[in-house]
Amino acid sequence: VTRLLEPPAPTELSAPFWDATREQRLVLPWSTATGKPMWYPREVCPSCLGAAIDWRPAAGTGVVYAFSVHHLAGPGRDRSELPYTVAIIELPEGVRMMSNVVDCEPDAISVGMAVRVAWKSLSDGRNLPQFAPA
């Protein structure tokens, strides 16, 4: 298992998300006023500006909305990981999340492809959600 050079630092807003990844659970923030999820973690709902937000489990599935194949190593990447795919994943909850598509060749990835969450271990016990073909 490859590890990022330095895990992303959690913030007060993102702590519930990162805490859930320790158990390989994907969770999303939901506005209790609108009953809708949002991504990324925020202090207020972007629709109603309400601050009542709770964290709920996500299905852990989705489809590739858009993607880009990278042939140069970016931050936290080793050349041995090349090429890698950065994608926008549309989750069934109605939000889009940027991540990576793993466990398949970049040529096999297409817009609309069904994916499921896969986890990459981080050095501090958390896990980074990535997506693999479903």
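Here are a few things to note about the model shown:
- Hits in segment 24-50 (condition: in a loop (DSSP other than H, G, I, E, B) and within 13 Å of the chain's Cα centre (by Cα)): Q24, R25, L26, M38, W39, Y40, P41
- Of all the listed residues (R79, R96), the sole one being at pLDDT below 95 and either within 25 Å of R42 (Cα to Cα) or more than 16 Å from the chain's Cα centre (by Cα) (or both) is R79.
- Taken together, E6, E12 contain a single residue that is over 27 Å from V102 (Cα atoms), of a type in the set (D, E, K, R) and either out of contact with any Leu (no Cβ under 8 Å at 6 or more places or on another chain) or modelled with pLDDT of 95 or more (or both), which is E12.
- Exclusive hit being in contact (Cβ under 8 Å) with a residue 60 or more places away in the chain and within 23 Å of F17 (Cα to Cα), set S99, S121: S121
- Filter result for A58 (buried (at least 17 other Cβ atoms within 10 Å of the Cβ) and aliphatic (A, V, I, L, M)): yes
- Residue check, I88 surrounded by 14 or more Cβ atoms within 10 Å (Cβ to Cβ), more than 16 Å from the chain's Cα centre (by Cα) and modelled with pLDDT of 95 or more: no
- For segment 114-134, a residue qualifies if it is farther than 10 Å from V101 by Cα, of a type in the set (A, V, I, L, M, F, W, C) and open to solvent by less than 30 Å² (accessible area, probe 1.4 Å), and exactly one does: L122.
- One residue stands out among those in segment 20-55 that are touching a residue at least 40 places away in the same chain (Cβ under 8 Å) and under 16 Å from F131 (Cβ atoms): the one that is surrounded by the most Cβ atoms within 10 Å (Cβ to Cβ), which is L28.
The values are calculated or read from the model by the stated rules, or taken from the named source; none is laboratory data. Keep in mind the model is a prediction, meaning the values are calculated, not measured. FYI the Cβ positions are ideal-geometry reconstructions off the backbone, even for glycines, and counts take in every protein chain you see. SASA here: full protein model, heavy atoms, side chains in, ligands and nucleic acids out. Shrake-Rupley method; radii C 1.70, N 1.55, O 1.52, S 1.80 Å.
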